[in-house]
Amino acid sequence: MTSRPRLGVNIDHVATVRNARGGDVPDPVRAALLAEQAGADGITAHLREDRRHISDDDIERLMAALTVPLNFEMAATDEMQKIALRHKPHAVCIVPEKREERTTEGGLEVAREENRLAHYIAPLREAGCRVSIFIAADMRQIEAAHRIGAEVIELHTGAYCDAHAEGRFDDRDRELEALREMSAFANSLGLEVHAGHGLTYDTVQPVAAFPEVMELNIGHFLIGEAIFRGLTPAIHEMQRLIEEARA
Ligand code: PXP
């Protein structure tokens, strides 16, 4: 087990700002390269079906420019599978996607779609991509992710972070306990455990402290924080907090 979880920096929202004006700036690939220089262990980008932030061209350029691994987030559609098989990124993270949502709202429903998802991820694994499944801290979903042959699960930390932000501290502590228990459970099945969604300087440490968590993927807060202190210092502070939590 590494001494601290890897930090994957999600650069989707640099593209959100770019697309608000429809031009070329700010460039998410430039942000990714800066994050890499700042010591990010990986870059995460979500190519949504509606292309609301990251574009096909961004993925093309990220694949060409990055030296750290790209974690390619995508919905389990035929189109996305073709794109992933063309680029063969280091990692593919399968996420649920609804057009009307503002962000990825919940975990993937694996248990109900076990057969389809097992067939869906098989070629990705054969192509050498490390497949992870973005799911809630729910034993049934974790068991299903294991059965379909995923190597990694990413636990959705959104409910924990929302409860914290809204001052519902009993709910927050319950969500955190579920994340703790399910990290240990997934690890006992041999799954690698990642976590992410909504994490901030205030919420990252309890999750980073779980010994099973090998990677944290953080985007929206870091890109927002970069407005005030710059991307490199924003990432360095997150890394410091993660290291402190694990020490
Ligand atoms: N992990 C997954 C699977 C995600 O879908 C997202 C959001 O795109 C993140 C992590 C990062 O979440 P946030 O941008 O809230 O830090």
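Points to keep in mind about this one:
- For the range 58-124, the square roots a ≥ b ≥ c of the C-alpha gyration tensor eigenvalues yield an a/c of 1.5 or more together with a/b not exceeding b/c, which makes the shape oblate.
- In this simple spin-label approximation, residue 189 and residue 78 carry label points 7 Å from Cα along the Cα→Cβ vector, and these lie 2.9 nm apart.
- Qualifying trypsin sites (Lys or Arg not before Pro) in the range 76-160, where qualification requires a DSSP coil assignment and no more than 12 other C-beta atoms within 10 Å, comprise 98, 99, 102.
- Taking 97, 215 and counting other C-beta atoms within 10 Å, the order from fewest to most: 97, 215
Taken together, the values in this text are just the output of simple stated rules run on the coordinates, not laboratory data. Note that the structure is a prediction, hence the values are computed from the model and not measured. Because the Cβ atoms are built from the backbone with ideal geometry, glycine has one as well, and the counts that use them run over all protein chains shown.
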